[in-house]
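Chemist: Take this structure first; my questions come after.
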Amino acid sequence: MAAIYSLFIINKSGGLIFYKDYGSAGRMDTNDSLRLASLWHSMHAISQQLSPTTGCSGIELLQADTFDLHCFQSLTGTKFFVVCEPGTLHMEALLKVIYELYTDYVLKNPFYEMEMPIRCELFDLNLSQAIQKDRVALLGR
Amino acid sequence: MIGVGKIKHYTNLLEKPLSRGRQEVSLSAFAFLFSELVQYNQTQVDNIAELERRLEDAGYAVGARVLELLCHREKVADSLEKGTEHEDEYMISEKELLVNRFISIPKDMGAFNCGAFVAGIVKGVLDSAGFPAVVTAHFVPMEGQQRPRTTILIKFAEEVLRREARLG
């Protein structure tokens with residue numbers, strides 16, 4: 001079973017609102033994660049414009065030698081993306097599950113301010129359960 | 001999304017809506033409405049105790065009205081206990097209070113609990129039924145569980161205890 005390295009959520013203006021590291025390599029510098037998030041936001045927007053197909057919704061999967069990056073953009077423009085080991089399965093389904101958790105435990109929380117960094121205990125709790133390897137494997141069924 | 005398009009199958013006759021047809025309210029709709037209630041009240045207050053009091057007041061009105069309906073139904077809480085330290089204290093405990101299902105309290109708000117709304121409902125019911133009491137909601141950490149449960153603490157007025165003692 002391949003590993004998930006990290007998870008990012010960026011708001012519609014490209015600001016990083018959630019970042020979590022699951023790799024053993026240690027946490028990325030806060031500035032680097034912010035930079036990476038806004039860089040991805042811009043690249044995603046550019047890819048939409050450059051694409052020869054009409055109605056392109058941007059990059060969904062970026063495959064590199066050392067990692068895969070799966071991206072899911074909701075209709076409202078919030079982007080969720082995971083960086084994982086090359087060839088990891090069920091990442092699209094996992095991103096949908098994370099989107100669902102976001103709508104439940106972040107948006108229904110009266111103490112959350114829209115477009116601001118996510119600090120919700122219940123979201124963290126449910127997220128760590130969803131991301132467990134055996135749970136992710138079940139998504140393929 | 002939790003609570004969307006789920007058809008509930010009632011195992012208990014007493015839980016069924018009184019009228020025919022689909023009467024249940026979507027959990028999402030309720031969660032958003034409650035979230036809005038909390039957000040609105042938050043803009044009207046400048047401290048947490050006041051917010052808690054306002055939520056309780058909102059619940060009180062519901063409790064007073066819902067009493068009639070409750071006479072027809074039955075909802076069993078996860079546990080109802082009598083306080084050991086004080087004669088006049090009773091506790092209703094719920095592992096996962098419905099209103100707290102999607103709510104995470106920020107660290108800077110301390111022991112604030114949105115269950116204050118539920119406490120208000122209980123107070124409204126008890127007051128209307130002739131059992132005046134002070135009702136408060138508290139988080140109680142549970143051993144071996146990540147999430148604390150919510151306990152609704154009911155402290156009856158002296159006159160209730162005196163009356164009950166007289167009635168035996």
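Chemist: Looking at segment B:51-67, is at least one residue more than 16 Å from the chain's Cα centre (by Cα) and away from every other protein chain (no Cβ under 14 Å)?
Modeler: Scanning segment B:51-67, I find no residue that is more than 16 Å from the chain's Cα centre (by Cα) and away from every other protein chain (no Cβ under 14 Å), so the answer is no.
Okay, residues lined up against (1) surrounded by 10 or more Cβ atoms within 10 Å (Cβ to Cβ); (2) at pLDDT below 80:
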position: B:N47; (1), (2): no, no
position: B:E50; (1), (2): yes, no
position: B:A58; (1), (2): yes, no
position: B:V76; (1), (2): no, yes
position: B:L80; (1), (2): yes, yes
position: B:E85; (1), (2): no, yes
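Chemist: Can you find a residue in segment A:83-90 that is under 28 Å from B:A29 (Cβ atoms), away from chain B (no Cβ under 13 Å) and among the charged types (D, E, K, R)?
Modeler: no
Chemist: Can you give me the number of residues within segment A:65-84 that are part of a loop (DSSP other than H, G, I, E, B) and open to solvent by less than 40 Å² (accessible area, probe 1.4 Å)?
Modeler: Going through segment A:65-84 one residue at a time, the tally reaches 3.
Chemist: Could I ask something else about it? All but one of (1) surrounded by 17 or more Cβ atoms within 10 Å (Cβ to Cβ); (2) more than 15 Å from the chain's Cα centre (by Cα) hold for A:G87, so report the exception by its number.
Modeler: That leaves (1) as the condition not met.
Chemist: Could you list, ordered by first residue, the pairs with Cβ atoms under 6 Å in which the first is in segment A:108-127 and at the interface with chain B (Cβ under 7 Å from one of its Cβ atoms) and the second is surrounded by fewer than 19 Cβ atoms within 10 Å (Cβ to Cβ) and outside any loop (DSSP other than H, G, I, E, B), at least 6 apart or interchain?
Modeler: Short answer, once both residue conditions are applied: A:P110/B:Q39.
Chemist: Tell me, please, whether a residue that is of a type in the set (D, E, K, R), modelled with pLDDT of 90 or more and surrounded by fewer than 16 Cβ atoms within 10 Å (Cβ to Cβ) can be found in segment B:100-117.
Modeler: no
Chemist: Within the group B:A116, B:A137, which residue is within 12 Å of the chain's Cα centre (by Cα) and within 14 Å of chain A (Cβ to nearest Cβ)?
Modeler: Only one candidate passes the filter, namely B:A116.
Chemist: Can you work out which of the residues in segment A:45-63 that are open to solvent by 100 Å² or more (accessible area, probe 1.4 Å) and part of a loop (DSSP other than H, G, I, E, B) is modelled with the highest pLDDT?
Modeler: Among those residues, the one meeting the criterion is A:E60.
Chemist: If you don't mind, another one. Return yes or no: is B:Q39 at pLDDT 65 or above, more than 19 Å from the chain's Cα centre (by Cα) and either within 14 Å of chain A (Cβ to nearest Cβ) or open to solvent by 90 Å² or more (accessible area, probe 1.4 Å) (or both)?
Modeler: no
Chemist: Then there is this: State whether one or more residues within segment A:94-103 are assigned to a helix (DSSP H, G or I) and more than 14 Å from chain B (Cβ to nearest Cβ).
Modeler: Within segment A:94-103 (the criterion being assigned to a helix (DSSP H, G or I) and more than 14 Å from chain B (Cβ to nearest Cβ)), the answer is yes, since at least one residue qualifies.
Chemist: Further question on the same structure: Of the residues that sit in segment A:131-141 and are part of a helix (DSSP H, G or I) and exposed (fewer than 15 other Cβ atoms within 10 Å of the Cβ), which one is farthest from the other protein chains (Cβ to nearest Cβ)?
Modeler: Looking at residues that are part of a helix (DSSP H, G or I) and exposed (fewer than 15 other Cβ atoms within 10 Å of the Cβ), I get A:A137.
The values are calculated or read from the model by the stated rules, or taken from the named source; none is laboratory data. These figures come from a predicted structure and were not determined experimentally. Neighbour counts run over all protein chains shown; Cβ positions are idealised from the backbone, glycine included. Ligands, DNA and RNA are stripped out before the accessible areas are found, and what is left, the full protein with its side chains, is counted by its heavy atoms. Shrake-Rupley method; radii C 1.70, N 1.55, O 1.52, S 1.80 Å.
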